Amino acid sequence: MEALEMYTVDDRSDVYTEELKLNLGPQHPSTHGVLRVELSMDGEIITASRCDIGYLHRCAEKIGENVTYLQYTPYTDRMDYLASMNNNLAWSLTVEKLLGVEAPERAQWLRMICAELNRIASHLIAFGTYGIDIGANTPFFYAFRERESIMALLERPSGARMLYNYIQPGGLRRDVDENWVTDVLAFCDDFEKRWAEYNTLLSNNRIFIGRTANIGVIPQDVVYACGATGPVMRGSGIKWDLRRDVPYLKPYEEVDFDVPVGEGTHGTLGDCWDRYWVRMREMMESIRIIRQGCAALPGGEVMEKVMKKMYKTPLTPEAGEAYMRCENPRGELGFYVVAEGGTSPIRCRARAPSFCNLSLLDSLLPGTMIADAVAIIGSLDIVLGEVDR
Amino acid sequence: MGSVREYFSNIANGLGSTAKGMAITLRHFTSEPIITVQYPKESLPIPPTYRGMHILEQEKCIDCHLCAKACPVDCIEIESVKHGRVLEWKKFSIDYKKCIFCEFCIPPCPVDCIHMTTEFALATDNADGMVEDMLTWTGLRPEDQAKLEGKASPKKPAAPAPAGGGEGDARSRVAAMLAKRKKEEG
Amino acid sequence: MNEQQLHDKLRATGLGGIGELESSARDPFVVVEASVLLEVMAFLRDDSETAMEMLHNVTAVQRETGFDVVYHLCSYSRHHSLTLKVIVAQPEGEAGDWEPAVPSVASVYPSANWHEREQWDLLGVRFNDHPDFRRIILPEEWIGHPLRKDYVYPSTFGEIPLELDAIPLYERDENDPPKPSEPRPAGTPLTQPPSEYSTRPDAGGRAPAPEKKGES
Amino acid sequence: METLIDFFTGTLGLGPTLALSLAYATAIGSLLGFITVYAMFAIWMERKVAAHIQQRFGPMEVGGWHGWAQSPADALKLMFKEDIIPSGANKVLFWIAPAIVFCGVLAGFIAIPFAAGVQIVDIDLGVFFIIAIASIEVIGVIMAGWSSNSKYSLFGAVREAAQVVSYELPSATALLAPILVVGSFKLGDFNTYQAEHGWIIFSNPFMWIALLVYFIASLAGCKRAPFDLPEAESELVSGFHTEYSGMRFSFFGLEEFVSMLLVSAITCTLFLGGYTLPFNFLDVANLAAPFHLLGVAVLIVKIFAVIFVQMWLRWTLPRMRVDQVMTMGYKYLLPWALFAVAGTAVWHVWMEG
């Protein structure tokens, strides 16, 4: 094997051992897409790692400079394709900030409910695929069962199952049907029972805890230094949530919810299990938000009359720039848009949470085993569509 | 003593959590209903808002190209010739290799002639077949033909409606769907 | 602290090269000289009142006169944020492949590492003293920086053809030619070239006001 | 076996050597047939159990009723698939590795008593013969992993070697407990003992520990979840058989199910009464000539019960890490196996005085 040129001396004896280079990905079941990690191995132990991304680069930022503000909405769907609703929301808020308009109140509440439903769906994927990473296949199917209900709910107003393109600058594409709210509440009731089931099956399983506790510990200063956000940040015990601390939608100020943080229940604070458990509890917080949102949902229009003409005449914001941060399931998604008149921005930058969270990986892997590498990548919960954009 | 207690609690915890997990899976095995559907034989309901393949009501269309301009991926191609108020259709095609089903072509239409159906099964073994012609007839209609012949130089004869493809042809499925919908609406 | 207080605080450090606060912008920003960038960053991070723990985002923007490098900083303990800008003007007579250079802030905020690599990769902005200065998304051997306004899409990468038509979608069987499109009667010559709608106008000049062609 | 030889010499009047060869050929042929049919059924069953645990249907199309013909169809498909050998692989080892893996497991069956008299050879050290011969499989796996010239395969092979060698200890030790009770290594004796004295599992409370330890260790021996490290799908792609395709690949798949059958047969014979019925309310072993074959059915039902538990566990539990597997083997299973053996010995000395 050509990769075995480098010989290293094992400190413990005078036996010569060889360093093994292992390519984890881009075609690998557990890299959650097309991530490639170049590992240097000493037996099962990783000694060094180097991330290689870019296999799913689809020129999203270049496209943003060539289409109108409205036309870019479906492209944001395809960044973090598991949380399209949240991406739409972030982009719409950015454009609204640039235009200086605000969505009607009903649209704001519906946006919140849809974004939280999508957050649950996204965390369900994180939960299910994390089970598969660790080797438990069944929780994945149970997670998809509930995700299917969410997709069916979101499909009714938006017309699509994954790439919703529903939240648009100025409001929503269309109003929900009359039974929708009742069905959402019915889903919430059902989901609570299922959630308890997930915990019995996977979260509290001794083998699962053994595989995830004390693995991939991220200290708080590293979180700040590497720009990690979302559940990765909260898993390390930092109580920060844009929804609570910088409410970007009015309803978030009015609903009551907790920000779950890691507590180091089964080991060190900031390990894989803490990050996993933060996601699990966030699903229940989202259910709380959805319930309050459904109770307080006001009537009215979902899109201003003035904004509706954007479908025929492209939006032309004044020259200027806007940066908007939103709490996505994977962390803080930021859109930075620079306009110089005209119908397209001259720069359209997406600060993707997965991109920043993934930059932690190289510092986490050395010293762990190959099975832990899979657990750590899974606990960061990356979506490569967003990393590479 | 701590480690001894840990040793035994590990065993108890391991066996206990395994037993609880097995109880859950056994309950699913025995009593929970099967939730998947056998797709081609049965299928889940699709809401009427679904964004599937397009359908064009050609009689209404005024050839304004607004849908083509609204398209973020430029997948709509329109060709027609105007004889005063009469339209001679040549082409109205949507390239489903490009289409991202974003629905932006629907709202700009001033006459509400383009719609999205619930048809989504686009799989084909021939990528060339992904460019769907939305027209149900091309050229001039016979009455328009006669009208034009009366006052202008003779044109090419009007074309009959092109024969639809087989049962599996997505376009004929969409056409059937629209006919059914019209019937239901009365 | 709001942006004005942050700006006063920055001014009070006595570092030169700190511009005025652009408070009229939607996100108020401060223009900083590249020479003091690192000191400003280090001050904002370490001072207990500013306490900018995180560098949220690094963006480069190409304008007609040069490049802006934009840093979005935010404080998680004090709930405030600030935008810093370094403006690198394009010198007279420089060609389109001119590469602006700013100091890398990766030594202050390690999170800048990947962001700066991405800006270099896509926009060709050099970050001096970067710990691992490589392309991040495109291959190392790639020529040019695709987000530049004057970037021309290459026809090949090494020996790989990049034009879409050069890559067959699938291998066609010679004996089974693709189904020809349905026959359509020939009409009068086209009055409008179809290419008007199949090519995209340049950014900014897109989609004129709708005209009701059907009623002419 | 003797019945077969008698049939060939007596009824057909053949010479003793020919009769012996023909008898063995018939016995092994029917065993192979049984194992093939079993493996196909077990694969179908695994898919069905997994599907129903996950609220799915599983295979439904091939063959009509619940896709019963899915496995034969898959086998047929695999047979016609291209046999790819990666460049740089050691061709000879790559070719023979699946055969060695399969032979090792298959050889164990010659000592299994399926019913009274339905046993190819009743070897004196039958229990340890099976344990020993089934370990040959490890050699095949290491050959497969090493010869593939793939790093993932190599990882899988090394994990398999470490795991199986470690888990031989607790499994063999746990089997000493029933051996102590019966006082013989002959598998046939276990059935006669249990026909007289009831199932060994009820003979003393320590036997439950021994059964549990053996069951867990045998899971590891068959590379079943939660010990499926050698082929850990999410870590090593497919472990030692990553590079295999077609029929050679299917041998590795079959091997897993056949070794499940083998360890379940041992579990049933040594702990759960073999082919005898509970409380021996129908003395299967001493029925009239054709009816003693009923024992085969009894044993198969028991075996499938054990196999169902193995499948059920697989679809419930996550996978362990390699160091946790070693900890489990050496720190948990081995001491408890020794404890069960010692407890059994003390119990029987004390009770039977």
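Just to confirm my filter: which helices (runs of 4 or more DSSP H) fall fully inside the stretch D:91-202 and include at least 2 residues that are touching a residue at least 12 places away in the same chain (Cβ under 8 Å), of a type in the set (Val, Ile, Thr) and buried (at least 21 other Cβ atoms within 10 Å of the Cβ)?
Qualifying helices (runs of 4 or more DSSP H): D:91-107, D:126-134, D:136-147, D:151-182.
Does D:Phe206 fit the bill of being surrounded by 24 or more Cβ atoms within 10 Å (Cβ to Cβ), out of contact with any Pro (no Cβ under 7 Å at 6 or more places or on another chain) and either modelled with pLDDT under 90 or within 21 Å of D:Ala144 (Cβ to Cβ) (or both)?
No, not satisfied.
What do you reckon, is A:Glu321 closer than 30 Å to A:Gly342 by Cβ and surrounded by 20 or more Cβ atoms within 10 Å (Cβ to Cβ)?
yes
What helices (runs of 4 or more DSSP H) completely inside the stretch D:223-340 contain at least 2 residues that are crowded, with 22+ Cβ neighbours inside 10 Å?
D:233-236, D:246-270, D:294-314
Of all residues being under 24 Å from the mean Cα position of the chain (by Cα) and outside any helix (DSSP H, G or I) in the stretch D:57-88, which is surrounded by the fewest Cβ atoms within 10 Å (Cβ to Cβ)? Just the residue, please.
D:Trp68
Can B:Lys69 be described as at pLDDT below 85, within 7 Å of chain C (Cβ to nearest Cβ) and outside any loop (DSSP other than H, G, I, E, B)?
Answer is no for this residue.
Take the residues of the stretch A:192-228 that are closer than 22 Å to A:Ile45 by Cα and within 14 Å of chain C (Cβ to nearest Cβ): which is surrounded by the most Cβ atoms within 10 Å (Cβ to Cβ)?
A:Ile218
Is it the case, given these coordinates, that D:Phe215 is farther than 27 Å from D:Phe339 by Cα and either without any contact (Cβ under 8 Å) to a residue 24 or more places away in the chain or in a helix (DSSP H, G or I) (or both)?
no
Can you report the number of residues in the stretch A:298-347 which are under 23 Å from A:Arg389 (Cβ atoms) and modelled with pLDDT under 80?
0
For the list (1) buried (at least 21 other Cβ atoms within 10 Å of the Cβ); (2) assigned to a helix (DSSP H, G or I), I need the number of the one condition that A:Val176 fails.
Looking at each condition in turn, A:Val176 falls short on (2).
Please work out which one of (1) over 30 Å from A:Lys62 (Cα atoms); (2) at pLDDT 85 or above; (3) surrounded by fewer than 19 Cβ atoms within 10 Å (Cβ to Cβ) is the condition C:Val31 fails and give its number.
All conditions pass for C:Val31, except number (1).
Within the stretch B:79-95, can you find the residues that are of a type in the set (Ser, Thr, Tyr) and facing another protein chain (nearest Cβ under 8 Å)?
Within the stretch B:79-95, no residue meets the criteria.
Being touching a Pro at 6+ places or on another chain (Cβ under 8 Å), in a helix (DSSP H, G or I) and not hydrophobic (A, V, I, L, M, F, W, C) is the filter here; which residues of the stretch D:11-56 pass it?
Once the filter is applied, which keeps residues that are touching a Pro at 6+ places or on another chain (Cβ under 8 Å), in a helix (DSSP H, G or I) and not hydrophobic (A, V, I, L, M, F, W, C), the stretch D:11-56 yields D:Arg47, D:Lys48.
I'm told B:Leu44 meets every condition in (1) under 19 Å from D:Gln55 (Cβ atoms); (2) in contact (Cβ under 8 Å) with a residue 12 or more places away in the chain except one. Can you identify the failing condition by its number?
Tallying (1) under 19 Å from D:Gln55 (Cβ atoms); (2) in contact (Cβ under 8 Å) with a residue 12 or more places away in the chain, B:Leu44 fails exactly one: (2).
Go through the stretch C:79-103 residue by residue and tally those that are assigned to a loop (DSSP other than H, G, I, E, B) and either more than 11 Å from every other protein chain (Cβ to nearest Cβ) or closer than 17 Å to C:Asp121 by Cβ (or both).
11
Quick check on my filter: what residues within the stretch A:305-317 are more than 12 Å from chain B (Cβ to nearest Cβ) and under 18 Å from A:Gln71 (Cα atoms)?
Correct list: A:Val306, A:Leu315, A:Thr316, A:Pro317.
Taking C:Met41 as the residue in question, decide whether it is over 23 Å from A:Pro317 (Cβ atoms), without any contact (Cβ under 8 Å) to a residue 40 or more places away in the chain, buried (at least 16 other Cβ atoms within 10 Å of the Cβ) and within 14 Å of chain A (Cβ to nearest Cβ).
The answer is no for C:Met41.
In the stretch C:119-141, what count of residues is obtained for those that are more than 8 Å from chain A (Cβ to nearest Cβ) and part of a helix (DSSP H, G or I)?
Residues in the stretch C:119-141 being more than 8 Å from chain A (Cβ to nearest Cβ) and part of a helix (DSSP H, G or I): 4 in total.
Go through the residues of the stretch B:30-49 one by one and say whether even a single one is away from chain C (no Cβ under 14 Å) and outside any loop (DSSP other than H, G, I, E, B).
yes
Only one of (1) within 14 Å of another protein chain (Cβ to nearest Cβ); (2) touching a helix residue (DSSP H, G or I) at 6+ places or on another chain (Cβ under 7 Å); (3) over 28 Å from D:His241 (Cα atoms) is not met by D:Leu22, so which one is it?
(1)
Condition first: farther than 19 Å from A:Arg351 by Cα and in contact with a Ser or Thr (Cβ under 9 Å, 6 or more places away or on another chain). Now tell me which residues in the stretch C:75-124 satisfy that.
Matches in the stretch C:75-124: C:Arg78, C:Ile87, C:Ala89, C:Gln90, C:Pro103.
One residue is enough: does the stretch A:104-117 have a residue meeting the conditions in contact with an Asp or Glu (Cβ under 9 Å, 6 or more places away or on another chain), part of a loop (DSSP other than H, G, I, E, B) and either among the acidic types (Asp, Glu) or touching a residue at least 12 places away in the same chain (Cβ under 8 Å) (or both)?
Looking for residues that are in contact with an Asp or Glu (Cβ under 9 Å, 6 or more places away or on another chain), part of a loop (DSSP other than H, G, I, E, B) and either among the acidic types (Asp, Glu) or touching a residue at least 12 places away in the same chain (Cβ under 8 Å) (or both), one finds at least one in the stretch A:104-117, hence yes.
State all residues of the stretch B:50-66 that are more than 9 Å from chain C (Cβ to nearest Cβ) and not basic (Lys, Arg); if no residue qualifies, say none.
B:Tyr50, B:Gly52, B:Met53, B:His54, B:Ile55, B:Leu56, B:Glu57, B:Gln58, B:Glu59, listed by residue number.
In the set A:Ala121, A:Ala126, A:Ala103, A:Ala60, which member is farther than 30 Å from D:Ala232 by Cα and buried (at least 24 other Cβ atoms within 10 Å of the Cβ)?
Checking each option against the conditions leaves just A:Ala103.
Got a sec? Which of A:Gly159, A:Gly135 is away from chain D (no Cβ under 14 Å), over 17 Å from the mean Cα position of the chain (by Cα), modelled with pLDDT under 90 and surrounded by 23 or more Cβ atoms within 10 Å (Cβ to Cβ)?
Every option except A:Gly159 fails the conditions.
Across the stretch D:141-190, which residue is nearest to D:Val237 (Cα to Cα) among those that are acidic (Asp, Glu) and modelled with pLDDT of 85 or more?
Step by step, filter the stretch D:141-190, then rank; the result is D:Glu160.
Looking for whichever is of a type in the set (Val, Ile, Thr) and surrounded by 15 or more Cβ atoms within 10 Å (Cβ to Cβ) here; the options are B:Thr36, B:Thr30. Which one fits?
B:Thr36
Being farther than 22 Å from D:Val258 by Cα and within 21 Å of the chain's Cα centre (by Cα) is the filter here, so list the residues in the stretch D:310-327 that pass it.
D:Val325
The values are calculated or read from the model by the stated rules, or taken from the named source; none is laboratory data. Computed from a predicted model, the values in this text were never measured in an experiment. When we count neighbours, we look across all protein chains shown, and the Cβ atoms used for this are built from the backbone with ideal geometry, even at glycine.
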